[in-house]
Amino acid sequence: MHEGWIGFHPEGIQDIKRARINVFLKLVWLNALLTAIPTACAWQDRLESGEFDDMEVIAKANGVDRSYVGRMLQLTSLAPAKRVVSRK
C-alpha cells in the first residue's frame, strides 16, 4: 500500500456488509411489528364490540388462518414501552 492510503481489509468489508444486513433486518422486523400491533388492536376492538363473534370469523374475513389471528391477538397484551426505539 502507498503511504497515506486508507485501505480496507476484505474481512472488514464483510463486517460492514453484515452490519448493514443486520440493520436492514431489524428495520424490516420493526416495520412488521409496527404494522401488526394496530391490526391486532383493531381485531380485538371488533371482537369486544361484537362485530366479530370469534377468531374464526376474523380469519375468514381476512383470508388468514385462525392460529395466525390468535398469535396476532397476543400482541394486544404487550406492556406499553416508554420508548419504541433506543437512542443508544
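Failed condition for Ile37, given (1) more than 14 Å from the chain's Cα centre (by Cα); (2) modelled with pLDDT of 90 or more, with all others met?
(1)
Between a residue in region 57-82 that is at negative phi and exposed (fewer than 15 other Cβ atoms within 10 Å of the Cβ) and any residue that is at pLDDT 95 or above and among the charged types (D, E, K, R), which pairs come within a Cβ distance under 6 Å, given they are 6 or more apart or on different chains?
So the pair list comes out as Arg66/Glu56.
Quick check on my filter: what residues within region 26-52 are surrounded by 10 or more Cβ atoms within 10 Å (Cβ to Cβ) and within 19 Å of Arg66 (Cβ to Cβ)?
Across region 26-52, the qualifying residues are Ala36, Thr39, Ala40, Cys41, Ala42, Trp43, Gln44, Asp45, Arg46, Leu47, Glu51, Phe52.
The values are calculated or read from the model by the stated rules, or taken from the named source; none is laboratory data. This is a predicted model, so every value here is computed, not measured. Glycine also receives a Cβ, built like all others from the backbone with ideal geometry; neighbour counts cover every protein chain displayed.
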